[in-house]
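Student: Please find one structure pasted underneath; my questions will follow.
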Amino acid sequence: MDEELLGEFLTESNENLDSIEQQLMNLETNPDDAELLDSIFRAIHTVKGSCGFLNLTNLERVAHAGENLLSRIRSLKFLVNEDIVSLLLECADAIKQLLEGLADTGQEPNLDHSDLIGRLQVCERFVMGEDVAQGEAPEKSGEAELVEPLAWLVGFEDAVIHALIQAEMLTAADIISAGFAKLKGIEPLTSADALKILGVAKGHVDKPSVETDKTEQAAQQGQVSVEEEPTPASAKADKNEQVAEVKAEVAKPSSPPPAAKKAVAGNDSPAAQQAKRPAASNASVRVDVGLLDELMNQVGELVLTRNSLMQMISASGSMEFMRVGRDVDQITEQLQEQLLRTRMQPIQTIWSSVPRIVRDIGKQLDKKIKVIMEGEDTELDRTILNALKDPLTHIIRNSCDHGIEPHHIRVQQKKPVEGTLHLSAIQESGFILITISDDGGGIDADIIKEKALKMGSLTEEQAAVISPKAALQLIFNAGLSTAEKVTNFSGRGVGMDVVRTEIERVGGSVDIDSTLGRGTSLKIRIPLTLAIISAMVVGCKNQRFAIPQMSVRELLSAPDSSEEWRLIAGQPFYRLRGKLLPILRLKEALLFAEDEKPSGSIVVADIGDRTFGILVDQIFGAEEIVVKPLGVHFQHLNFYGGSTILGDGVVIPIFDCNGLASMVKLSTEAEVAKDYNQGNEEGDLGEQQHALIFMQGEQRFVIPMTLVERLECLEATRIEKTASGEVLQYRGEVIRVLRWGDLLGIGSGIDDPTAQMYCLILSDGGKRMCLQVDQVIDIVEVSFDIKRPSDNPLFLGTTVIQDIATEVVDVFEVVQQADPNWFAQPNDMKKRKILFVEDAQFFRHLVIPVLESMNFSIKTASDGVKACEILNSYQPDLILTDIEMPNMNGYQLAQWISEQPNLQGIPVVALTAQNEIDDESLFSDVISKLDSQELAEHLTKILQRFDIISEQEIGGTNHAITFG
Amino acid sequence: MSGPRILIVEDSTMVRITVKRTLLSVDFAVEEAKDGQEGLDKALQSEQPFDLILTDLNMPNMDGLTMIQKLRETEAYADTPIVMLTTESGEDKKSMGHNSGISAWLVKPFQPDSLIETVGGMLF
């Protein structure tokens, strides 16, 4: 036994008992002094409580019996007499005796107090008014008829007792026969409650048999379950009938004894209340929140120290240390967990005001709204709860005010007149998902778009491409309120932006979804706690960073050899289960390095409305980290959310995934990815080309990707001025910079030297040029259908892209103007024609830009049958075909072509992902579906072989699209 | 007079403390033993047989399975629920079969809640 603990226990118990004698005697003279009684009860209770911990069974039994008696006296306001005080004094003596023995030997003396215990129990039942046929019991008190079911269940909350009574479990036997599974299913009982109750019930059932042995007068033979609530009448009745009768009486709600009825009905019975209150007040302590915060800080430090200790231990390799370390590790974890729990409060604490808010608004606006809440016992850190309160209120007001329609409209739309506001909270791993939905009118994405356009937070171009869901998210932008009228409750144009800011401030994210006419729902994801979070530690260029686990959806290993990498206009994508995932190269984003082949590991981050990948060098694993604020010098960096100290003492930054996402222009890229992912499956793309849309000031331009090698986002200072004009150092070359604004004569509009500039790197024939533009909007597939020719030689004319008139840049003219010698080599050969047969849209998207860059005129077909149709009236210079296709596959197509007299001599090249193909003889050549670079090189060789292009031209086809 | 009495046989202090705390929290009486031999002695010497025994598998002096076998031979513990605390995977469980005398398994590390569930399910 723990010496120190024992010493403390002895000191404390003796202190408690010292006063008990005097108090008991005082009680004898003042039997109605409730305070005195309380104090005596507490002293014995404390002793009993500590016994349990120290495994002092004898002591515990004595103290327990004494405590039960005292608790009974207290709850029934029984006025003690001389005899009872004597018995209690005897009990105190026995406890002292046991304590003395314990102090002397360090062991619990083996003394038999069963006689005393028996007498205490008999007395307890006497106090309860049972007819105990024993001389010890003097005259009956008038209050002795007071009975309550389950009175022996001490220390449980009223709600628990009520639930049991409601479930008609009125005796220990009822409870035991119900069993664990049934009991724990009763609200609000936890499994632990159920087990505890069953344990007590078992002890309670066992008790009479012990009594039978030791105090024969007390209980009857053959009695399996003793009821606590016999009435004097039943006590006089036949012994065998007694149990049945009492049971029947209690179970029948029609005729319970008056006092029992009171107890069942509940709360106003002072006796019932008193019986339970002391235990409840002893079970909880009020603690200053500041103290808890301080404790939390210290546990935070402990966690950090533990982390370093664990690292040192694992470095030492000592098994012994490791075992101790493991224990420290686990204890720290438990400590942290439990301390976190002390800071947790159910979300109910902030939800409880919701019905009132809703009712008030409803009344004022004459709307009927019912509130349904689910998961209100979900617990959250109190700091987070506090932060959530205002945003939540705002959202709810919005829902009631703008969401749920007025009466007459609901009737018109055949909706139930009463609107519903649904709040739910569920815990997912490490975070809480709160959903607030209403069945109101929903939000019109178009109205939001309009507003955003007016406000200038959305450009026309963006508005054209933005998805309805993405448009809805704009509601979180400052100054957007869709309410037509400003009402008292909401709609003043501030609010939703504050909602988002508040939620993001505590590391959460918010997402809105709405169906017009059906309702709106807001999803808030919020971490369980702020102070200590689980994070993924990743490495990039010998530095480590933490990514909050909450945002991490999955981890991928993505070596550069992976076939899933795609590079579209300089932006890497990773094909994950058929979808393109935009990738943020951490190395590039943090300006460590650039232009490396993407490789390493991808952390797939999910920030509510979108998903993106973070490419890192290494993933070290998950670690519990303590979030420390960043120094003021770094706080403007919105992609960092804080810092932490790792086990080895190194301070590392924690990423804020919301910030990371906004740092790179992911939205544009995401649109591209979406385009690729969801684009229509209609096979024939005709003469479509990839083109890049950009803005200069307010004007919108489109430039074919033909000469665009890469899209770079550079700092303005990278452009240097020389005597012959502006230049840019790019990949070891000095290349000429053209500013589109200057070419148009409207100025570049960039004064801020730190600003980022979009530069299109144009490349042809091994020459490069840089075209600086204001803003890159999107990459789209278009057919340049010129609606109106232009007078300006820089433009081919005006076309309509996504319903917006856009000037088409004549890139050749631009280059020619800047450098008349650019196309010195005659390049007047007519465009070579190619038929590209491929069923997978994805590969079509991948290959077409390569072919475009090689200056092919392209026709596409989505299978062999369509290819045959096209070939009936079209004679290409080269046919490039996939093997596996529906309707007619590549072999069949090649076979068919070989049988057509007019198609003889046209090389048929197979493009396949398979390593080997069955019949190579049908094809002129076979190219594997690798990256575009290889494809370009391979095609060039084939074209040369078949004399379709000449040597001189080869230069021009190189590096059309390069992997960075 | 008291509720159920539980014996925990386990050589890791950590696990013993965890189990003990959990069971004390529901007012159960808990006795501890550090290995199979001590567990066997405590179980047999106890005035009243324990209501439930929780035991580790691998322990010095006597392992959990041996202890269970010896306990099962006695009248007092022929039907007592015995829960094996184990880190072993499901495969090992199967290999030990139904004749081992084990009433239930609890895989370490476990949460207090699962201990409560297991014990509650076995006892009541």
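Every number in this text was worked out from the coordinates using simple rules, so none of it is lab data. All values derive from a computational prediction rather than experimental measurement. Neighbour counts are summed over all protein chains in view; Cβ atoms, including those assigned to glycine, are modelled from backbone coordinates with ideal geometry.
Student: Among A:E320, A:E333, A:E60, which comes first, then next, by fewest other beta-carbon atoms within 10 Å? Don't jump to the answer; show the numbers that get you there.
Tutor: Details: A:E320 9, A:E333 14, A:E60 24.
Listing A:E320, A:E333, A:E60 from fewest to most nearby Cβ atoms yields A:E320, A:E333, A:E60.
Student: Just how large is the dipole of the range A:346-527 about the Cα centre, in debye to the nearest 20, putting +1 at every Lys and Arg Cβ and -1 at every Asp and Glu Cβ? Present the calculation step by step, with values, prior to reporting the outcome.
Tutor: Working: 23 positive and 25 negative charges, 106 e Å.
I would put it at about 500 debye.
Student: Starting from the 7 Å offset along Cα-to-Cβ, what nm value, one decimal, do you get for the label separation of A:D742 and A:D288?
Tutor: Here the answer is 6.8 nm between the modelled labels.
Student: Still on this structure, I have one more. If amide hydrogens are placed 1.01 Å from N in the peptide plane, which non-local residues have theirs closer than 5 Å to the one on B:V107?
Tutor: Counting only residues 5 or more places away or on other chains, the set is B:T86.
Student: Here's a follow-up. Here is the link list: A:K414/A:K451; A:K96/A:K184; A:K96/B:K34; A:K370/A:K414; A:K368/A:K451. Which ones come out longer than 28 Å on Cα distance? List each step's numbers first, then the result.
Tutor: Values: A:K414/A:K451 30 Å; A:K96/A:K184 39 Å; A:K96/B:K34 31 Å; A:K370/A:K414 17 Å; A:K368/A:K451 30 Å.
From A:K414/A:K451; A:K96/A:K184; A:K96/B:K34; A:K370/A:K414; A:K368/A:K451, over 28 Å: A:K414/A:K451; A:K96/A:K184; A:K96/B:K34; A:K368/A:K451.
Student: Which of the three applies to the range A:1-144, rounded, prolate or oblate, going by the alpha-carbon gyration tensor with a ≥ b ≥ c and a/c under 1.5 meaning rounded?
Tutor: On the way: a/c = 2.38, a/b = 1.74, b/c = 1.37.
Taking the square roots of the gyration eigenvalues as a ≥ b ≥ c, the range A:1-144 is prolate.
Student: Which loop GluC sites (Glu not before Pro) in the range B:25-56, with loop taken from DSSP, have no more than 11 other Cβ atoms within 10 angstrom of their Cβ?
Tutor: Details: sites: B:E31, B:E32, B:E38, B:E47; in loops: B:E47.
Here the GluC sites (Glu not before Pro) that fit, given the DSSP loop and packing criteria, are B:E47.
Student: At a Förster radius of 56 Å, what calculated FRET efficiency corresponds to the Cβ-Cβ distance of A:E12 and A:R553, to the nearest 0.05? Write out the running numbers ahead of the final one.
Tutor: Values: r = 52 Å, r/R0 = 0.94.
The pair A:E12/A:R553 has a calculated efficiency of 0.60.
Student: R0 = 30 Å: FRET efficiency of A:H636 with A:M373, Cβ-based, nearest 0.05? Walk me through the numbers before you get to the answer.
Tutor: Values: r = 40 Å, r/R0 = 1.33.
With a Förster radius of 30 Å, E is 0.15.
Student: Please label the shape of the range A:834-903 as rounded, prolate or oblate, based on the square roots a ≥ b ≥ c of the eigenvalues of the alpha-carbon gyration tensor (a/c under 1.5 means rounded; beyond that, a/b larger than b/c means prolate, else oblate).
Tutor: Details: a/c = 2.21, a/b = 1.26, b/c = 1.76.
It is oblate, given that a/c is not under 1.5 and a/b is not larger than b/c.
Student: Summing +1 for each Lys or Arg and -1 for each Asp or Glu, what net charge is found among the other residues whose Cβ lies under 10 Å from the Cβ of A:R382? Don't skip to the end; give the middle numbers.
Tutor: Numbers: positive: A:R343; negative: A:D293, A:E379, A:D381.
Computed value for this residue: -2.
Student: Give me the number: length gained by fully extending A:Q107 to A:S599, i.e. 0.36 nm times residue separation minus the C-alpha to C-alpha distance, one decimal in nm. Before the final figure, lay out the partial values.
Tutor: Numbers: separation 492, 0.36 × 492 = 177.12 nm, distance 6.67 nm.
Net length gain for the segment: 170.4 nm.
Student: For chain B, modelled as a GNM with alpha-carbon contacts under 10 angstrom, which of B:V26, B:V15, B:V83 fluctuates the most?
Tutor: B:V26
Student: How do A:F812, A:F701 line up, fewest other C-beta atoms within 10 Å first? Present the calculation step by step, with values, prior to reporting the outcome.
Tutor: Numbers: A:F812 16, A:F701 21.
Neighbour counts put them in this order, fewest first: A:F812, A:F701.
Student: Mark the label point 7 Å from the Cα of A:D446 along Cα→Cβ and return the residues of the range A:798-817 whose backbone N is within less than 16 Å of it.
Tutor: Output list for this probe position: A:803.
Student: Can you classify the range A:346-527 as rounded, prolate or oblate using the Cα gyration tensor, where a ≥ b ≥ c are the square roots of its eigenvalues, rounded means a/c under 1.5, and otherwise it's prolate if a/b beats b/c and oblate if not? Mind dumping the intermediate values first?
Tutor: Working: a/c = 1.74, a/b = 1.12, b/c = 1.56.
Note, shape of the range A:346-527 comes out oblate.
Student: Using a 10 Å cut-off around each Cβ, can you sort A:S643, B:S46, A:S561 from fewest to most neighbouring Cβ atoms? List each step's numbers first, then the result.
Tutor: Working: A:S643 19, B:S46 13, A:S561 8.
Neighbour counts put them in this order, fewest first: A:S561, B:S46, A:S643.
Student: Still on this structure, I have one more. Of the trypsin sites (Lys or Arg not before Pro) in the range A:350-456, which ones lie in a loop per DSSP and count no more than 10 other C-beta atoms within 10 Å?
Tutor: Values: sites: A:R356, A:R359, A:K363, A:K367, A:K368, A:K370, A:R382, A:K389, A:R397, A:R410, A:K414, A:K449, A:K451, A:K454; in loops: A:K367, A:K368, A:K414.
Sparse-neighbourhood loop trypsin sites (Lys or Arg not before Pro): A:K414.
Student: When the chain is fully extended, how far beyond the present Cα-Cα distance does A:D617 get from A:Q756, taking 0.36 nm per residue of separation?
Tutor: Working: separation 139, 0.36 × 139 = 50.04 nm, distance 2.58 nm.
Contour length minus the Cα-Cα distance gives 47.5 nm.
Student: Towards the positive end of the charge dipole of the range A:309-371, with charges on Cβ (+1 Lys, Arg; -1 Asp, Glu), say which of A:V328, A:P355, A:G317 has the farthest Cα.
Tutor: Looking along the dipole axis, the top candidate is A:P355.
Student: Would you be so kind as to identify which of A:S898, A:V909, A:L835 lies farthest towards the positive end of the dipole of the range A:835-914, taking Lys and Arg as +1 and Asp and Glu as -1 on Cβ and the Cα centre as origin?
Tutor: Towards the positive end, the residue furthest out is A:L835.
Student: Follow-up question, since we're still on this one. Between A:D366 and A:Q298, 0.36 nm times their residue separation minus their Cα-Cα distance comes to what? Present the calculation step by step, with values, prior to reporting the outcome.
Tutor: Details: separation 68, 0.36 × 68 = 24.48 nm, distance 5.23 nm.
So the extension gain works out to 19.2 nm.
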